[in-house]
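Participant: Take this structure, written in structure tokens, and hold onto it; I'll ask about it next.
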Amino acid sequence: MNKGSIVFVIGLTSLVAAAGTALAGDKKWVGHHRMHDNKMFEEIDKNADGKISKEESELAATSHFEKTDNDDSGSISLEELSAAMEARRANHLEKMFAHLDKDADGSVTSDEFTHRGNWFADADADDDGYLTKDEIRDHHKERKDRHRDGH
């Protein structure tokens, strides 16, 4: 596969992933996945017009290719692709761990892992001891909005 083909595949993948965020309904995208995809869309949409042009997609694909082509050979080897994917996985795991470790003590307790504690009470808007789909959806939206706003 030549550099042009790889750039096209990476660009198409980036575009589809980013566009999916713009097109998908709330039922298909939830939590940190949606936030990540929104962030990716914003990074690709350089002129912030809410749309990704062919040029913006190609620029993102080229940038991603260049970051992955560690030896600047003009092609990506299996080892380079594996290293890039492993780095991305490690970064994702670190973020996930930090999110779960609510008290930032370097370990995740059962309560932190299973989201026990105040989560249920916070989501139970009418305090009836039950969670409806609407309460869960609203609670996730509220948490997402707070996280996006840095709170």
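The values are calculated or read from the model by the stated rules, or taken from the named source; none is laboratory data. Quick caveat, the model's predicted, so the values are computed rather than measured. For neighbour counting, all protein chains shown are included, and Cβ atoms are generated from backbone atoms with ideal geometry for every residue, glycine included.
Participant: Tally the residues that are over 19 Å from the mean Cα position of the chain (by Cα), exposed (fewer than 11 other Cβ atoms within 10 Å of the Cβ) and aliphatic (A, V, I, L, M), restricting the search to the stretch 70-97.
Facilitator: Total satisfying the criteria: 1.
Participant: Among the helices (runs of 4 or more DSSP H) contained in the stretch 77-132, which hold 1 or more residues that are in contact with a Cys (Cβ under 6 Å, 6 or more places away or on another chain)?
Facilitator: It comes to none.
Participant: With more than 22 Å from Asn38 (Cβ to Cβ), of a type outside the set (Gly, Ala, Ser), at pLDDT 85 or above and over 21 Å from the mean Cα position of the chain (by Cα) as the only criterion, which of Asp101, Asp126 stands out?
Facilitator: Only one candidate passes the filter, namely Asp126.
Participant: May I pose another question? Pick out the one residue from Lys67, Lys46 that is over 25 Å from Arg148 (Cβ atoms), within 22 Å of the chain's Cα centre (by Cα), modelled with pLDDT of 90 or more and of a type in the set (Lys, Arg).
Facilitator: Residue meeting the stated conditions: Lys67.
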